[in-house]
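K.L.:
Once you've had a glance at the structure underneath, I'll fire off some questions.
Please treat every number below as a calculation from the coordinates, not as lab data. This structure is a prediction, so every number in the text was calculated from the model and none was measured. Cβ atoms come from the backbone with ideal geometry, glycine included; neighbour counts cover every protein chain shown.
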Amino acid sequence: MSTYLYGIVRDARTEPPHLPAVGDAEGEIRLIGSGACVAVASDVPGAFVDATAADLQRHSDILQELLSRASALVPLRFGTVYPDDAAVRRDLLEGRRGELEALLDSVENRVEARLKAFYVEEAVLAEIVRDEPQIAELRRRTQSLPPDATYYDRIRLGELVASALAARQRRDAGELLARLAPIAVDYVVEDEPHEWSVVTASFLLDQSALEDFHSAVSTIAEAEDRRLQLRCLAPLPPYSFVSVSLEPMEAEAAWVS
Amino acid sequence: MAVATRGTSQNYLQRAPSPGSGLVDVLDVILDKGLVIDAYVRVSLVGIELLTIDARIVIASVDTYLKFAQAVNRLDLASQEGGLPDLLEGGMESGAKGKTKGAVEGVKEAVTGNGKKKEGAKKKQQDDDDSDS
């Protein structure tokens, strides 16, 4: 048996969620430690966990429930397994106490909101055709001639559209962020390889600002209804704002194999 | 914690992840973010890393340009005043193409096949190698 970890909280009196545990649906979710940092854990058989849909869902569900029970929550990435509780206390809660406390401070009474904005494909393409005479002209030409005759024109057309789309995306992403960033404590923008994506971003919000954030996103969504689709997932545990990688310490060397 | 769907716009969806479902919404976050303690990451499926790396690649190619040209040529400009279809689901699916497709399919295999750990990862790596040529 090993010790699987979900996250770190401050308060040893936090009520652990009664939800199915990773690797063992009947497993008990419990707290380790009683000092300034407390780990939320459960037992798993063996030393590894499989990334099954069920276990990933449980990890997320437990952290989501903890978010409403703890004023500060540092969520761990899926898959952290310690040999036993003693190692958790020694190497994590005591060994990294300073780092953990700093992380907990940074997310005290804060939550994450994750925003994905996409273009309504036809609306933005129509804008581009209306605004770019070169594109409108190539469109006319490639529509009126047989495909064989327009191969290079179509490539040129597509290239111009791709470029216009990228310019629009930069502008629209900038405007969205300019509207929403002031409401947040911090934010990170991610690369989104989807061609109709406007922006994918995570915002760190004070709990008290969550309503304002939702209102702002809602207002933008209604105003931009024809051309943008917004999806906002909130509140989330602040995964994107604790994404630190803690290098192995000497004491952990024996476990690293 | 209840966060109801708000706003009347059909283009806007706002909610907290639902317990027991909604994994697709949080999958990238719980696999790619959160605190990492290097020495103790013990996920047996190696292939997960490939998703987070490959998904960052955007391919601009002749195929992409021809696809844009086709989309523009199919546009019915006159219809742009009326209601618009909800393209979100379809749009997201079509985004996983080319080099990313193998990785996304591989993770779907990996996370839904409860017993298929390393076999799944090996197969997906092979798919990625094949599509590299």
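K.L.:
Under 5 Å between amide H atoms, partner at least 5 residues away or on a different chain: which partners does B:Ile37 have, H built in plane at 1.01 Å?
P.N.:
For B:Ile37, the qualifying residues are A:Leu246.
K.L.:
OK, next. In debye to the nearest 20, how big a dipole does the stretch A:112-239 give about its Cα centre with +1 on each Lys and Arg Cβ and -1 on each Asp and Glu Cβ?
P.N.:
Using Cβ point charges on Lys, Arg, Asp and Glu, the stretch A:112-239 gives about 440 debye.
K.L.:
Quick one: check the C-alpha center-to-center distance for the stretch A:18-63 versus the stretch A:94-122, whole angstrom.
P.N.:
Distance between centres, Cα-based: 20 Å.
K.L.:
Still on this structure: Most fluctuating residue of A:Arg110, A:Arg154, A:Arg179 in a GNM of chain A with Cα springs under 10 Å: which is it?
P.N.:
A:Arg154
K.L.:
If you don't mind, there's one more thing I want to ask. How large is the helix-only mean residue ellipticity at 222 nm for chain A, computed as the sum of -39500 (n - 2.57) over DSSP H runs with n ≥ 4, divided by its residue count, in deg cm²/dmol to the nearest 500?
P.N.:
For chain A, the value works out to -12000 deg cm²/dmol.
K.L.:
What shape does the stretch A:101-257 take by its C-alpha gyration tensor, where a ≥ b ≥ c are the square roots of the eigenvalues and a/c under 1.5 counts as rounded, a/b above b/c as prolate, and the rest as oblate?
P.N.:
Because a/c hits 1.5 or more and a/b fails to exceed b/c, the stretch A:101-257 counts as oblate.
K.L.:
Collect residues whose amide H, placed 1.01 Å from N in the peptide plane, falls under 5 Å from the amide H of A:Val198; neighbours closer than 5 in sequence don't count.
P.N.:
Here the answer is A:Ala117, A:Phe118, A:Tyr119, since their amide H atoms fall under 5 Å of that of A:Val198.
K.L.:
Enumerate the calculated ³J(HN,Hα) couplings along the stretch A:45-56 in order (Karplus 6.51 cos²θ - 1.76 cosθ + 1.60, θ = phi - 60°), each rounded to whole Hz, writing x wherever the residue is Gly or Pro.
P.N.:
x, x, 9, 10, 10, 8, 7, 7, 4, 4, 6, 4
K.L.:
What does the stretch A:98-154 give for Rg and for Dmax, in Å, if only its C-alpha atoms count?
P.N.:
My reading of the Cα-based Rg and Dmax gives 24.3, 69 Å.
K.L.:
Dipole size in debye (nearest 20) for the stretch A:1-153 around its Cα centre, Lys and Arg Cβ +1, Asp and Glu Cβ -1?
P.N.:
It works out to roughly 280 debye.
K.L.:
Using the Karplus curve 6.51 cos²θ - 1.76 cosθ + 1.60 with θ = phi - 60°, what ³J(HN,Hα) values do you get for each residue of the stretch A:241-249, in whole Hz, with x for Gly and Pro?
P.N.:
10, 10, 6, 9, 10, 8, 4, x, 8
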